[in-house]
Amino acid sequence: MRLAAVYIEDHEYIFKEPQTINFGGQYFYEFENVDNNIIVRRTLNEKFIIDFFNLTELQSKVTNLNAIVGQNGAGKSTLLDVIRSEFIEHKYALPQSNSLFLVEIDGKHPLILRNDFKKVFLHETTPQNTYQIELKKGVTKKSQTIFYSPHYDYKYNPNFDDVDNHDISFDKIVEEDLKEFREKDTNENGRPYSASQELLFKNSIRQITFLSSDLVRKQIFNDLFELQGHYEPILHFRGYNIREKDWNTPYQLRPILKTIEEKAEKESSEWHVYRDKGATEPQVYQYILKRNVIKCILSLLNRQMERRNSFLQEGFFPYDELKEQIETASAYDTLLLFVKHSGIKLKATKPQSIFSEGVIRIFLEKIYAAIEKADKEDSVSNTTLQTSTEDAIEILKLQRQFLNELNSYYAKFYKNKDELTIEEREKIEEFINYRPFKRRMSSGEGALLNFYSRIYNFLNTNLKELKYRKLSNHYIMLLDEADLTFHITWKKKYVKALLSTLPYFFDELENKPTLEIIFTTHDPITLSDLPNANVIYIERLDYNSPSKILDFNNKRRPLKTFGANISDLIADSFFIEDSLIGNFAFDKIQETIKWLNSKGNFESKIYYKTVIKLIDEPIIQRKLAEMYDDKTKDNFQADVIDEQIKKLQELRKRLGK
């Protein structure tokens, strides 16, 4: 499946007349509105190649790839919003348009993905006859957009809380990352963490989780980019700072949870006894941090069980049977007793365990072992732990397993749990935060890692480990200038990298969906990797003029992209007028020409002679030197030619080597 064409009859603000967008599919489409019924005609795209963009042998295939180009303000991002407006719950949350979307499935007539009109008819003419058939709708629920943008655009809609739940733009990431940070514990000095620290924690966890994933181990990324790692990690432990009152926690679980809490508090308050027995300062911090870990876990349990009262009377814990054991147990051992024996008992059935065997025990053992290794000064505090990269990665992986257990607390006890999607409000955040120490990345390295880690995190968290979203059979990746801040060598790899890597992300989902990619760009090198039919050109003459899409039969549409000369691409595809040099240099050359054509004013000749020396385009430089000699009766042109010959000889020597 692939998006084949979009017809936009009118838009809230960017277009003033009907527009047609073709996506380089098997056919080019034209549309005509007759009494609010749409007549569709199509022409075979003779350069279309099935699976042209599919570079892997995976089940998750790339069915199409398109680029959108145009001047700033032409409507590239708006066009992405037009597409994704069909896939969000509240379509009125984005600017409105009357549109028709067609998709192609090989060997069939196009199907309707969106229709804001009456009926849609395909008008076909063959050598034998002319016929017309009504097109059908039937693929909306099987496809879904995912929107990515590295820009922070300060987008906010006061009328809708969650405009697009498949939005992983920078705006959405920041909103999600800061959603609960005011409800988290303070640092060891009693001060709240700042928003900047919270964003660093969240982003670093996404990055290290991706970098340590099986995807990266497959070398598919290192073959394209040298991904930088994180070194000398510091783990920050902090739970929720507000303990909810016991309104919804199952009655049967409240006593044991209260007992664990009291034991942890009592043990924490006795740190000085441990110190007086001869413990070193790092050992005292180890002692306190271990108890704080238990408190953090309790805060997460409390937070989740207080979400709603689904199991108010259904909790199970054999407190009386274990009473003697509990009385002598430490907070740590009591927590493990709770994990092992607690459950939910629905109707007359046998209690079902809340936690899978060993998940929390192994998690705690790993944390405690890492804490005990931290025996150097400043390597451990009441709330932080400086550990090895290997231990940090292992702890964070075990934390994800623990969070998955906790986040499925409500869903796991229902019969149809495999068909359910878990509510977003039931998601509990991590209590171990990760911060890389010393290692710094360039803005380009950070942008590349953010791009991949955010996609990986979204799919892994919402569609793979647990289902916070429903799986779709086909995904349309909408990338709004995702190559921003990439070095030119990375821009050369951009298209190949998308096609070579993204299928691996989706192939990890259980249904192995297909995908297509639509991106906006200002980069001419990127366009040289796309057939011309797969480039969407938006032209806007100025901010007072409406935008216009240059369709496949428009005379102003550039004709060459795939493997084309970069200079031609810059001039044609990005609507560059006048010249292909910067405006500052252009103005200096024009100023020099004006002086050369004037009479007199010889006091400025040294200045303009120096300007001519600066010019690196040899033909322009020689012509200006000739004009300079005509004006000054000098022999500057000979000097310029000698210098150019010298440069050519040096180049010849290098080639000879």
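Are any residues in the range 279-295 among the hydrophobic types (A, V, I, L, M, F, W, C) and closer than 20 Å to Asn241 by Cβ, and if so, which ones?
Within the range 279-295, the first condition is being among the hydrophobic types (A, V, I, L, M, F, W, C), and the residues that meet it are 279, 284, 288-289, 293-294.
Across the range 279-295, the qualifying residues are Ile288, Leu289, Val293, Ile294.
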Quiz item: Any idea which of Leu502, Leu527 is surrounded by fewer than 23 Cβ atoms within 10 Å (Cβ to Cβ) and among the hydrophobic types (A, V, I, L, M, F, W, C)?
Solution: Leu502
Quiz prompt | Residue check for Phe311: hydrophobic (A, V, I, L, M, F, W, C), farther than 20 Å from Gly239 by Cβ, touching a Gly at 6+ places or on another chain (Cβ under 8 Å) and at pLDDT below 95 | solution = no
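In the range 498-536, what residues are acidic (Asp, Glu) and farther than 19 Å from Thr20 by Cβ?
Selection gives Asp507, Glu508, Glu510, Asp523, Asp529.
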Quiz item: Tell me, which residue of the range 8-27 that is more than 28 Å from the chain's Cα centre (by Cα) and not acidic (Asp, Glu) is surrounded by the most Cβ atoms within 10 Å (Cβ to Cβ)?
Solution: Gln19
Quiz item: In this structure, does Lys340 turn out to be free of Cβ contacts under 8 Å to residues at least 40 places away in the same chain, out of contact with any strand residue (DSSP E or B) (no Cβ under 9 Å at 6 or more places or on another chain) and either crowded, with 17+ Cβ neighbours inside 10 Å or assigned by TED's automatic domain parsing to the domain that holds Ser269 (or both)?
Solution: no
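Considering only residues that are assigned to a loop (DSSP other than H, G, I, E, B) and among the polar types (S, T, N, Q), which ones fall in the range 359-387? Talk me through it step by step, then tell me what you get.
We begin by selecting, within the range 359-387, every residue assigned to a loop (DSSP other than H, G, I, E, B); these are 374-379, 381-383, 387.
Matches in the range 359-387: Ser379, Ser381, Asn382, Thr383, Thr387.
Looking at the range 45-59 only, could you name the residues that are surrounded by 14 or more Cβ atoms within 10 Å (Cβ to Cβ) and either touching a Lys or Arg at 6+ places or on another chain (Cβ under 7 Å) or not in a loop (DSSP other than H, G, I, E, B) (or both)? Give the derivation first.
To start, the set of residues in the range 45-59 that are surrounded by 14 or more Cβ atoms within 10 Å (Cβ to Cβ) comprises 45, 48, 52-56, 58.
Asn54 - this is the single residue of the range 45-59 that is surrounded by 14 or more Cβ atoms within 10 Å (Cβ to Cβ) and either touching a Lys or Arg at 6+ places or on another chain (Cβ under 7 Å) or not in a loop (DSSP other than H, G, I, E, B) (or both).
Is it the case that Arg191 is farther than 20 Å from Asp391 by Cβ and basic (Lys, Arg)?
Yes: the conditions hold for Arg191.
Would you point out the residue of the range 503-530, among those that are aliphatic (A, V, I, L, M) and outside any loop (DSSP other than H, G, I, E, B), that is farthest from Lys492 (Cα to Cα)?
Filtering the range 503-530 for residues aliphatic (A, V, I, L, M) gives 509, 515, 517-518, 525, 527, 530.
Within this subset, residues satisfying the condition of being outside any loop (DSSP other than H, G, I, E, B) are 515, 517-518, 525, 527.
Numbers: Leu515: 22, Ile517: 17, Ile518: 17, Ile525: 6, Leu527: 10 Å.
So, considering only residues that are aliphatic (A, V, I, L, M) and outside any loop (DSSP other than H, G, I, E, B), the one farthest from Lys492 (Cα to Cα) is Leu515.
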Practice problem: Give the residues of the range 4-30 that are touching a Pro at 6+ places or on another chain (Cβ under 8 Å) and either of a type in the set (Lys, Arg) or within 27 Å of Asn544 (Cα to Cα) (or both), sorted by residue number. | Solution: Tyr7, Ile8, Glu9, Asp10, His11, Glu12, Tyr13, Ile14, Phe15, Lys16, Glu17
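Take the range 28-44 and flag every residue that is in contact (Cβ under 8 Å) with a residue 12 or more places away in the chain, farther than 11 Å from Tyr7 by Cβ and surrounded by fewer than 18 Cβ atoms within 10 Å (Cβ to Cβ).
In the first step, residues of the range 28-44 are kept if they are in contact (Cβ under 8 Å) with a residue 12 or more places away in the chain; the result is 28-31, 33, 35-44.
Add one more test, that the residue is farther than 11 Å from Tyr7 by Cβ, and what stays is 28, 35-37, 41-44.
Passing the criteria: Asp35, Asn36, Asn37, Arg41, Thr43, Leu44.
Considering only the range 183-197, state which residues are of a type outside the set (Lys, Arg) and not in a helix (DSSP H, G or I).
We begin by selecting, within the range 183-197, every residue of a type outside the set (Lys, Arg); these are 183, 185-190, 192-197.
Selection gives Asp185, Thr186, Asn187, Glu188, Asn189, Gly190, Pro192, Tyr193, Ser194.
With under 22 Å from Glu405 (Cβ atoms) and touching a helix residue (DSSP H, G or I) at 6+ places or on another chain (Cβ under 7 Å) as the only criterion, which of Phe311, Phe317 stands out? So that I can check it myself, show each step before the final result.
On the way: Phe311 fails: touching a helix residue (DSSP H, G or I) at 6+ places or on another chain (Cβ under 7 Å).
From the options Phe311, Phe317, the qualifying one is Phe317.
Conditions tested, residue by residue: (1) under 32 Å from the mean Cα position of the chain (by Cα); (2) touching a residue at least 24 places away in the same chain (Cβ under 8 Å).
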{"position": "Lys345", "(1), (2)": "no, yes"}
{"position": "Lys350", "(1), (2)": "no, no"}
{"position": "Phe363", "(1), (2)": "yes, yes"}
{"position": "Val380", "(1), (2)": "no, yes"}
{"position": "Thr383", "(1), (2)": "yes, yes"}
{"position": "Gln386", "(1), (2)": "yes, yes"}
{"position": "Glu426", "(1), (2)": "yes, yes"}
Quiz item: What number goes with the only condition from (1) surrounded by 18 or more Cβ atoms within 10 Å (Cβ to Cβ); (2) among the β-branched types (Val, Ile, Thr); (3) out of contact with any strand residue (DSSP E or B) (no Cβ under 8 Å at 6 or more places or on another chain) that Ile488 does not pass?
Solution: (1)
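Condition check: assigned to a loop (DSSP other than H, G, I, E, B) and either assigned by TED's automatic domain parsing to the domain that holds Lys290 or at pLDDT 95 or above (or both). Does Lys397 satisfy that?
Here the answer is no, as Lys397 does not meet what is asked.
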Practice problem: From (1) touching a helix residue (DSSP H, G or I) at 6+ places or on another chain (Cβ under 9 Å); (2) more than 22 Å from Tyr475 (Cα to Cα); (3) surrounded by fewer than 18 Cβ atoms within 10 Å (Cβ to Cβ); (4) free of Cβ contacts under 8 Å to residues at least 60 places away in the same chain, pick out the condition that doesn't hold for Asn159. | Solution: (4)
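Examine the range 449-457 for a residue that is modelled with pLDDT of 90 or more and small (Gly, Ala, Ser), and state whether such a residue exists. Walk me through how you get there before you give the answer.
To start, the set of residues in the range 449-457 that are modelled with pLDDT of 90 or more comprises 450-457.
Imposing the further condition that a residue be small (Gly, Ala, Ser) reduces the set to 453.
The answer is yes; a qualifying residue exists.
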Quiz item: Of the numbered conditions (1) in contact (Cβ under 8 Å) with a residue 24 or more places away in the chain; (2) over 30 Å from Leu55 (Cβ atoms); (3) among the small types (Gly, Ala, Ser), Ser194 satisfies every one except a single condition; which is it?
Solution: (1)
Practice problem: Please state which one of Leu200, Leu215, Leu227 is assigned to a helix (DSSP H, G or I) and either surrounded by fewer than 15 Cβ atoms within 10 Å (Cβ to Cβ) or in contact with a helix residue (DSSP H, G or I) (Cβ under 9 Å, 6 or more places away or on another chain) (or both). | Solution: Leu215
Quiz prompt | Matching residues, the range 234-277, being surrounded by 14 or more Cβ atoms within 10 Å (Cβ to Cβ) and part of a loop (DSSP other than H, G, I, E, B) | solution = Arg238, Gly239, Arg243, Glu244, Asp246, Asn248, Thr249, Pro250
Exercise. Please identify the pairs in which a residue from the range 314-327 that is among the acidic types (Asp, Glu) and modelled with pLDDT of 95 or more has its Cβ atom under 9 Å from the Cβ atom of a residue that is surrounded by fewer than 14 Cβ atoms within 10 Å (Cβ to Cβ) and part of a loop (DSSP other than H, G, I, E, B), counting only partners at least 6 apart or on another chain.
Key: none
Quiz item: When residues of the range 142-175 are filtered for being farther than 24 Å from Val62 by Cβ and over 13 Å from the mean Cα position of the chain (by Cα), how many remain?
Solution: 12
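Which of the residues spanning the range 612-626 are surrounded by 18 or more Cβ atoms within 10 Å (Cβ to Cβ) and assigned to a helix (DSSP H, G or I)?
Let us first name the residues in the range 612-626 that are surrounded by 18 or more Cβ atoms within 10 Å (Cβ to Cβ), namely 612, 615, 621, 624-625.
Scanning the range 612-626 gives Ile612, Gln621, Leu624, Ala625.
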Practice problem: All but one of (1) assigned to a helix (DSSP H, G or I); (2) exposed (fewer than 14 other Cβ atoms within 10 Å of the Cβ); (3) not acidic (Asp, Glu) hold for Tyr285, so report the exception by its number. | Solution: (2)
Exercise. Test each condition in (1) modelled with pLDDT of 85 or more; (2) aromatic (Phe, Trp, Tyr); (3) farther than 30 Å from Phe317 by Cβ for Phe437 and report the one that comes out false.
Key: (1)
Practice problem: For Ser99, state whether it is assigned to a helix (DSSP H, G or I) and either farther than 19 Å from Thr514 by Cα or within 29 Å of the chain's Cα centre (by Cα) (or both). | Solution: no
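The values are calculated or read from the model by the stated rules, or taken from the named source; none is laboratory data. Predicted, not measured: the structure shown is a model, and the values here were computed from it. Ideal geometry is used to build each Cβ from the backbone, glycine not excepted, and the neighbour counts take in all protein chains shown.
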